[in-house]
1. For a quick check of your reading of the model, give me the residue pairs whose first member lies in the stretch 49-64 and is closer than 17 Å to Ala286 by Cα, whose second is in a helix (DSSP H, G or I) and within 11 Å of the ligand (Cβ to nearest atom), with beta-carbon atoms closer than 9 Å and at least 6 apart or on different chains.
2. For Leu493, are the conditions met, namely being in contact (Cβ under 8 Å) with a residue 40 or more places away in the chain, within 25 Å of the chain's Cα centre (by Cα) and either under 15 Å from Phe631 (Cβ atoms) or open to solvent by less than 70 Å² (accessible area, probe 1.4 Å) (or both)?
3. Residues that are at pLDDT below 95 and away from the ligand (no atom under 16 Å from the Cβ): list the strands (runs of 3 or more DSSP E) wholly contained in the stretch 138-199 that include at least 1 such residues.
4. How many residues are among the aromatic types (Phe, Trp, Tyr) and without any contact (Cβ under 8 Å) to a residue 60 or more places away in the chain when one looks only at the stretch 10-33?
5. Filter the stretch 307-326 for residues that are surrounded by fewer than 24 Cβ atoms within 10 Å (Cβ to Cβ) and within 16 Å of the ligand (Cβ to nearest atom); which is nearest to His354 (Cα to Cα)?
6. From the set of residues in the stretch 526-567 that are in contact with a Phe, Trp or Tyr (Cβ under 9 Å, 6 or more places away or on another chain) and of a type in the set (Lys, Arg), which is least open to solvent (accessible area, probe 1.4 Å)?
7. Pro132 versus (1) open to solvent by 10 Å² or more (accessible area, probe 1.4 Å); (2) within 16 Å of the ligand (Cβ to nearest atom): which is the lone unmet condition?
8. Would you be able to say whether some residue in the stretch 446-462 is free of Cβ contacts under 8 Å to residues at least 24 places away in the same chain and touching a strand residue (DSSP E or B) at 6+ places or on another chain (Cβ under 7 Å)?
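The values are calculated or read from the model by the stated rules, or taken from the named source; none is laboratory data. These numbers come from a predicted model, not from an experiment. Ideal geometry is used to build each Cβ from the backbone, glycine not excepted, and the neighbour counts take in all protein chains shown. Areas reflect the complete protein model, heavy atoms only, side chains present, ligands, DNA and RNA absent. Shrake-Rupley method; radii C 1.70, N 1.55, O 1.52, S 1.80 Å.
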Amino acid sequence: MAVPQIIEAFAHRMMYSIAKDRHTATDFDVYQGLAFAVRDRLMERWFKTQSTYYLQDAKRVYYLSLEFLMGRALLNNVLNLGAEDSYLQAMRELGFKLEDIGEQEWDAGLGNGGLGRLAACILDAAATLELPFYGYGIRYEYGIFQQRILDGQQVEYPDGWLRYGNPWEIQRPDAIFPVRFYGHTRGSFDATGRYHVDWLDTQDVWAMAYDTPVAGFRNGTVNTLRLWSAKSSREFDLAHFNSGEYVRAVEDKTHSENISKVLYPADDQSAGKELRLKQQYFFVSATLQDVVRRFKKRPSWRWEELPDKVAIQMNDTHPALVVPELMRVLLDQEGLEWDLAWSLTQQVCAYTNHTILPEAMEVWPMDLWRNLLPRHVEIVEEIDRRFRLAVRARYPFDDAKLQRLAIVDHGHSVRMANLAIVGSHSVNGVAQLHTDILKASTFAEMNELFPGRINNKTNGITPRRWLLKSNPDLAALVSEAIGDRWTKDLDALRGLEPFATDAAFQERWTRVKRRNKERLADWGRRTQEFALDPAFLFDVQVKRIHEYKRQLLNLLHVATLWNRLRDGVDGGVPRAVLIGGKAAPAYWAAKQIIHLANAMARAIGEDPAAKGRLSLAFLPNYRVSLAEVVFPATELSEQISTAGTEASGTGNMKAALNGALTIGTLDGANVEIREEVGDPNIFIFGHTAEGIVRLRDAGYKPRDWAMAHPELRRAIDTIGNLEGGRFRALAWALMDSDHYFHCADYASYLETQERVSATYQKPAEWARMSILNVAGMGKFSIDRTVSEYARDIWNAHAVPVEGPPPEPSMQPALRL
Ligand code: IMP
């Protein structure tokens with residue numbers, strides 16, 4: 001698109017949509033005007049893509065997720081249109097910097113962490129791979145909370161991201177479906193003698209669609225992210241209006257619209273609240289109605305074809321109600337027999353598991369279901385009854401096994417993972433180690449019962465957002481060396497290997513990293529949130545705060561370095577340790593860790609012994625847009641979870657793709673990162689997953705480990721004595737229980753950090769390893785991940801959108 005056209009389109013939007021001129025437009029107005037102009041560019045491609053799917057009668061893939069952590073869209077869309085030079089220049093001619101305009105956009109933060117960001121990266125890959133793919137979720141009015149640090153502690157503020165409008169979404173008042181709750185069921189035999197169940201006297205809420213275009217990378221494909229918003233139902237209001245209770249009616253309206261009000265802010269933990277269950281059913285029911293509508297729009301259709309035309313992927317068990325809901329639709333509304341309905345359901349559905357932490361496994365009290373979803377209780381009980389018969393036939397005398405495998409636990413609760421496994425044809429883990437643990441331990445008995453059903457799909461990240469967009473200088477250097485094929489085929493990065501020992505290339509590589517460190521330091525200065533010296537080693541741990549991720553182990557290392565400096569012992573290379581991440585608002589230990597990090601940061605900052613040698617900073621409000629500044633500046637990536645606890649991790653991939661070296665345990669995808677970059681180019685430490693199991697089984701005594709290591713004991717004391725002993729309980733718990741084996745891994749961590757320090761003092765060596773890390777990242781492209789899902793799970797194929805988009809004058813919508 002030519003520059004004058006871009007200017008004209010932008011000016012048009014400023015005038016007619018934003019209604020501002022150059023005298024009155026704020027920076028945010030300019031962002032919105034440009035966002036509309038870019039969205040306009042996507043429209044015709046969007047129409048054409050969607051029509052192509054119809055005309056080709058393509059198999060559609062539906063990705064159901066309660067979270068989509070999209071971040072900002074403007075620059076990403078410009079990049080995917082392949083028009084960044086033109087937009088840069090157009091804005092420059094008008095006196096703006098494109099990058100500054102981009103900064104005005106509020107992150108779309110509809111997710112907690114890895115699971116939600118994975119959904120966003122998968123959307124990007126599916127569009128880039130030209131797959132007929134739809135994301136379905138909830139349009140929360142409040143996304144993940146804003147984290148501020150007051151007196152060193154996390155305080156949560158609501159994320160009213162829609163307050164000033166969202167130029168990317170399109171409201172679809174016509175795409176609206178009723179979702180039923182409560183009521184009761186009544187069974188009867190119809191004229192043909194067939195048993196039929198009605199769900200009666202329900203309270204209904206409407207789900208209204210909001211669509212966001214998802215552009216593929218320079219290929220003309222534009223897919224859809226469809227998010228549901230709750231609107232009160234007209235019938236619901238009417239009853240009260242008729243009896244004159246106007247205010248009550250409005251109250252009820254607000255009440256039912258609460259369903260899409262707020263994202264639950266707990267990562268890796270099941271909330272167990274009625275409102276959360278309502279959210280789950282709300283988006284599952286609306287989505288299935290839309291799926292069935294689209295399926296039935298085909299000129300001639302038969303239910304038997306459903307698996308040829310529809311694949312449903314559940315992102316964790318949050319959408320697992322799709323299993324009984326699809327059964328209900330097929331049985332009660334469409335009149336299918338159980339066996340056919342069940343077979344179709346299993347062929348259509350697939351489930352992605354994200355964690356083996358017991359507190360994350362969703363288990364719903366039956367009483368809650370019975371009240372809210374009475375018909376689904378009956379269906380799940382019947383699924384469970386039939387499943388038990390099958391298990392009993394296979395293991396006639398093993399009652400204990402039957403109890404463990406059952407979907408309904410002693411009649412009082414529903415195990416969502418078991419429901420999802422039984423109702424799917426595929427269950428996948430998100431890294432090889434994670435999948436191995438699922439097969440050998442967490443779901444071992446299911447694996448025996450359904451051989452081949454559990455499979456691995458190692459996570460990935462989109463190289464477009466996480467290198468091309470976020471690190472333009474490194475991207476340019478890489479493309480100069482090996483061409484830009486890597487943007488669509490990340491394996492091409494292997495071509496960097498010969499450059500790893502090229503001194504001139506190493507130097508340019510290091511200069512890019514230095515500029516990115518300065519950019520992050522500037523960012524900290526501008527926001528007055530933290531101070532960084534770009535000459536230091538940037539040692540970064542950004543992710544949700546959780547005990548299993550062991551930010552505390554990082555802080556024990558910082559305490560040790562600090563103690564050494566106070567003793568006048570060389571603490572190694574000067575380090576800036578950065579920690580960032582949100583804690584679930586009700587997670588006491590995680591919030592204590594944030595408080596501790598801030599307290600330590602202050603104390604170290606005030607200590608002359610640490611000056612010029614060591615700094616610690618807590619990065620407030622870690623989010624996608626901040627991650628895009630942090631990873632390019634990261635030199636050492638901390639991936640230090642207790643082995644066997646982190647399903648995959650994707651921050652590990654983002655850091656390595658930006659040239660960071662990893663210090664990590666053999667956990668999650670770290671294992672595969674090591675395979676790809678080679679053992680000498682990664683700093684692995686600590687017990688393996690099996691080693692941890694052995695330690696636990698042998699009666700792990702953390703106190704013994706701490707007593708055996710004077711520096712560890714002292715680091716625990718350092719933490720315990722900060723701020724008058726405020727963190728003593730946290731520190732001492734390490735000696736008493738240490739559920740995540742900090743003490744057992746400390747010595748190995750410390751030694752490995754010393755190796756890091758020594759390596760960093762050899763800049764050429766560090767640069768060589770950094771280049772080899774980037775060269776080894778091909779496997780971690782989300783394109784590879786999604787191709788595997790498409791081939792092994794969905795049986796879905798690319799449907800390219802042929803030819804250029806239609807000319808603006810053709811206006812397909814108006815031609816209808
Ligand atoms: P949906 O997939 O039914 O939600 O429709 C999305 C878009 O697909 C519409 O806005 C149309 O552009 C296109 N579309 C819908 N129905 C048809 C059809 O029958 N033939 C061709 N294109 C269609």
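1. Correct list of pairs: Arg60/Tyr53; Arg60/Val291; Arg60/Arg294; Arg60/Phe295; Tyr62/Asp290; Tyr62/Val291.
2. yes
3. 184-189
4. Number of matching residues: 1.
5. Val310
6. Arg550
7. (1)
8. Within the stretch 446-462, one or more residues are free of Cβ contacts under 8 Å to residues at least 24 places away in the same chain and touching a strand residue (DSSP E or B) at 6+ places or on another chain (Cβ under 7 Å).
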